[in-house]
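*Asks:* Have a look at the structure that comes next, please.
Throughout, read-outs are computed from the coordinates displayed, never taken from laboratory work. What you see is a predicted model; the values in this text were computed from it and never measured. Ideal geometry is used to build each Cβ from the backbone, glycine not excepted, and the neighbour counts take in all protein chains shown.
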Amino acid sequence: MSKETSTARVLITLAILLALGGFIYVSSDVIFTGLIGVGIGVLLAPVLTFFQKRLRVPRSLAAVLCLVIFLILAALFFWVLGHLVSGQFAKLSEASPQLIANLKQRLVALSDQYPTIAQQIQGFNLQDTLSSSMDRVFVGVKSSVFAISSLAIAIFLGLYTAVDSEEYFDSASGIFPKSKRQRARAIAEKCARVLRLWFKAQLIDMAIIGVSVAIVLRIVGMEFWAVFALLTAVLCIIPYAGILIVILLAALVTLASDPSRVWAVVIGIFLVQQLEANVVLPRVMRDLAELPELPLLVFMLLMGSWFGIVGVFIAPALLAILKTIYHEVYQPWIDSK
């Protein structure tokens, strides 16, 4: 091969990669919606297969039944959740100015032996700081509006994908050379299995830690136990940082409302987190390769900056798939060199 031909191939490859990168950047929202749709389809495919083989229900009708069941369960879940949380959340919102004032007074009282720190706390406008922080949070939420609203489209894409999953699977396998198709199919099946295992394990983990925190906070007498139980269940997907956020917020609210219960609340949530980390997670995740915490946090930050809140919550599933591809494709290839 001549030097000119080699250089031309390198330039063509770079041009293709740049064009592909530009296309992904411009169409990131569409690609994101499609990925969620495919993920939903992968999760639903075994359910439709069960309906088809065991109950003799056509896959298209089974998809409609799944959608109806999902909507009913979602409505029931949010009704129960709203019944438990909405009253406490409204009360917390109404009491927030007084809680913030109480918190400032108690922090000043705690720092009386350090006059310089006390002066800084007195001059610190906690309410304005919290408001500006929430504004930044809501900017992130607004940047996620498209991703959140596109979930409805992703659900329907997932239903269509699940109905014709075998056909799409065969078509995707067809892009590889014949000698590689069987291997590609095996890797794709393993990725699908990892996704289903992760989803199941995550739901179990969220339910266990949410209920456990609710019981503990209820026992220690925290007024806003349901709010913080829900927050714990949602944020437990973020390793370490999620539970630290919950403990900090719960400690500040309890310090402002009922200082005598601060240590009980903090220790209670911490013990539940230790139970989750050392007992629950090893059991529910035993069939799923553990995700390294630091790369997961970095990947969550990247996904959050690209796709907002929804990106943060799908980052672990996507990283689990990428890790599977890495071990099944890249590692054998590099070891053979």
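*Asks:* Among 32, 51, what is the fewest-to-most ranking by other Cβ atoms within 10 Å?
*Replies:* In order of increasing Cβ crowding within 10 Å: 51, 32.
*Asks:* Enter the Cα centre distance for the pair the range 57-107 and the range 310-337, rounded to the nearest angstrom.
*Replies:* Each part's Cα centre sits 33 Å from the other's.
*Asks:* What order do you get for 327, 83 when you list them from fewest to most C-beta neighbours inside 10 Å? Let's see the in-between values first.
*Replies:* On the way: 327 13, 83 10.
Exposure proxy ranking, most exposed first: 83, 327.
*Asks:* Please arrange 310, 234 by counting, for each residue, the other beta carbons lying within 10 Å of its beta carbon, fewest first.
*Replies:* Working: 310 21, 234 14.
Ranked by crowding around the Cβ, least crowded first: 234, 310.
*Asks:* Of the listed peptides 169-175, 237-243, what is their order by residue-averaged count of other C-beta atoms within 10 Å, with the highest listed first? Please list the in-between numbers first.
*Replies:* Numbers: 169-175: 12.7, 237-243: 17.1.
The packing order, highest mean first, is 237-243, 169-175.
*Asks:* Let me ask you something else. Explain nothing, just compute: Karplus ³J(HN,Hα) = 6.51 cos²θ - 1.76 cosθ + 1.60, θ = phi - 60°, for every residue of the range 243-255 in order, whole Hz, x for Gly and Pro.
*Replies:* My calculation for the range 243-255 gives 5, 5, 4, 4, 4, 5, 5, 5, 5, 5, 5, 5, 4 Hz in order.
*Asks:* At a 10 angstrom cut-off on C-beta neighbours, averaged per residue, how do the peptides 330-336, 277-283 rank from highest to lowest? Walk me through the intermediate numbers first.
*Replies:* Numbers: 330-336: 8.9, 277-283: 13.7.
Most protected by this proxy first, the peptides run 277-283, 330-336.
*Asks:* Apply the Karplus curve 6.51 cos²θ - 1.76 cosθ + 1.60, θ = phi - 60°, to the phi angles in the range 266-280 and return the couplings in whole Hz, x for Gly and Pro.
*Replies:* 4, 5, x, 5, 4, 5, 5, 5, 5, 4, 5, 5, 9, 10, 5
*Asks:* Right, another one. Please sort 258-270, 37-49 by packing, taking for each peptide the average over its residues of neighbouring beta carbons within 10 angstrom, highest first. Present the calculation step by step, with values, prior to reporting the outcome.
*Replies:* Details: 258-270: 17.0, 37-49: 20.2.
The packing order, highest mean first, is 37-49, 258-270.
*Asks:* Take the residue pairs 104/200; 180/323; 91/200 and return only those whose Cα atoms are more than 31 Å apart. Write down the numbers at each step before the final one.
*Replies:* Values: 104/200 43 Å; 180/323 20 Å; 91/200 34 Å.
104/200; 91/200, as the Cα separations exceed 31 Å there.
*Asks:* With a sphere of radius 13 Å drawn around the Cβ of residue 181, what net charge do the other residues whose Cβ falls strictly inside it have (Lys, Arg +1; Asp, Glu -1)? Working shown, then result.
*Replies:* On the way: positive: 178, 180, 183, 185; negative: 170, 189.
That works out to +2.
*Asks:* Using a cut-off of 13 Å between beta-carbons, work out the net charge of the residues near residue 254 (Lys and Arg +1, Asp and Glu -1, residue 254 not included). The partial results should precede the final answer.
*Replies:* On the way: positive: 106, 261; negative: 223, 258.
Computed value for this residue: 0.
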